[in-house]
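The values are calculated or read from the model by the stated rules, or taken from the named source; none is laboratory data. Being a predicted model, the structure only gives us computed values, none of them experimental. All Cβ positions, glycine included, derive from the backbone under ideal geometry; neighbour counts span all protein chains shown.
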Amino acid sequence: MKTTTVSVVCSLAIGLLVAGCSTAPKSGKYSEVPEAEKLERDTRFPHSLVYLKEGVKFAQYSKFIIDPVAIYQGTDASWHKHKVTEQEKQELAQFARAEFVRVLGKAYGVVDQPGPGVLRIKLTLTDVELTTPSLAVVSHLAPAGAGINLIKSGAGMQGSFMGSVTLAGELCDAQSGTAVAAFLTKQTPLALDVSKTFGKFSAARSGITESAEKFKAALERAHAAPAPGV
């Protein structure tokens, strides 16, 4: 069972990432992320905070510069009540970049120099909630807990004792440096996905991988879409 994106907000004008279940990051939090003042909810993309530059055409981009993932320094991140260490943050940030490079590199060019058709992806690891493995497994396998998580899954809610990851992103035209999109998203596995209850970072890592995969899938849709008037 794959991880669903709780709120993937960078749609790239054609739904570049697919919004999933549960709630978006609370309005007013993570005020120091890129383009924060421009982020807003959009009825086209439920559970999302997003900025899209008017008129931008994302099908023109087929190569990507993926910057090292930054770690959010704002005081409005909890980092699971400050239980996530600086080393763990760095490891997750490195994993996030590696996953975007791996997934996008399957079909597109990952480059290190600006040029025509190159989009720069600037990700920020904004916050993390830890999975509590022992309690999460019990809550998913015990009859009462399984029933609760079944209800949560149907309602698009976060599973019992399951973690999450919050990512922010800014997409810039690599040649001009102009920001063409920005997003803030919280991701967690489906409430019933017991496979994502092993390990305190299992949900966060799973969400990062799924985010990269959804990003790639939406790019493929953008490139496959006919030009206007065709």
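Checking the stated criteria, G115 turns out not to satisfy the condition of being at pLDDT below 90 and of a type outside the set (D, E, K, R).
Cβ-Cβ distances below 6 Å connect the following pairs, each with a first residue in the stretch 206-218 that is in contact (Cβ under 8 Å) with a residue 60 or more places away in the chain, a second residue that is among the small types (G, A, S) and part of a helix (DSSP H, G or I), and a separation of six or more residues or different chains: I208/A96. Close contacts from the stretch 76-105, counting a first residue that is under 22 Å from F64 (Cα atoms) and a second that is modelled with pLDDT under 95 and among the charged types (D, E, K, R), with Cβ to Cβ under 8 Å and a gap of 6+ residues or different chains, come to L92/R205; F95/R205; V103/E213; V103/K216; L104/K216. In the stretch 51-69, the residues that are in contact (Cβ under 8 Å) with a residue 24 or more places away in the chain and under 18 Å from A224 (Cα atoms) form no Cβ pair under 8 Å with any partner that is acidic (D, E) and assigned to a loop (DSSP other than H, G, I, E, B), whether six or more places apart or across chains. Listed conditions (1) at pLDDT 95 or above; (2) assigned to a strand (DSSP E or B); (3) under 15 Å from V165 (Cα atoms) are all met by E99, apart from (2). Within the stretch 205-225, not a single residue is part of a strand (DSSP E or B), modelled with pLDDT under 85 and within 24 Å of A70 (Cβ to Cβ). Among the criteria (1) of a type in the set (S, T, N, Q); (2) surrounded by fewer than 21 Cβ atoms within 10 Å (Cβ to Cβ); (3) modelled with pLDDT under 85, the one N149 does not fulfil is (2). Counting only strands (runs of 3 or more DSSP E) that sit completely within the stretch 1-75, those holding 3 or more residues that are surrounded by 14 or more Cβ atoms within 10 Å (Cβ to Cβ) and at pLDDT 90 or above correspond to 63-66.
Kindly establish whether E129 is modelled with pLDDT under 95, surrounded by 14 or more Cβ atoms within 10 Å (Cβ to Cβ) and touching a helix residue (DSSP H, G or I) at 6+ places or on another chain (Cβ under 8 Å). Yes, satisfied. All of (1) at pLDDT 90 or above; (2) surrounded by 19 or more Cβ atoms within 10 Å (Cβ to Cβ) hold for Q175 with one exception: (2). Checking each residue in the stretch 48-85 for being in contact with a strand residue (DSSP E or B) (Cβ under 8 Å, 6 or more places away or on another chain) and charged (D, E, K, R) picks out K53, K63, D67.
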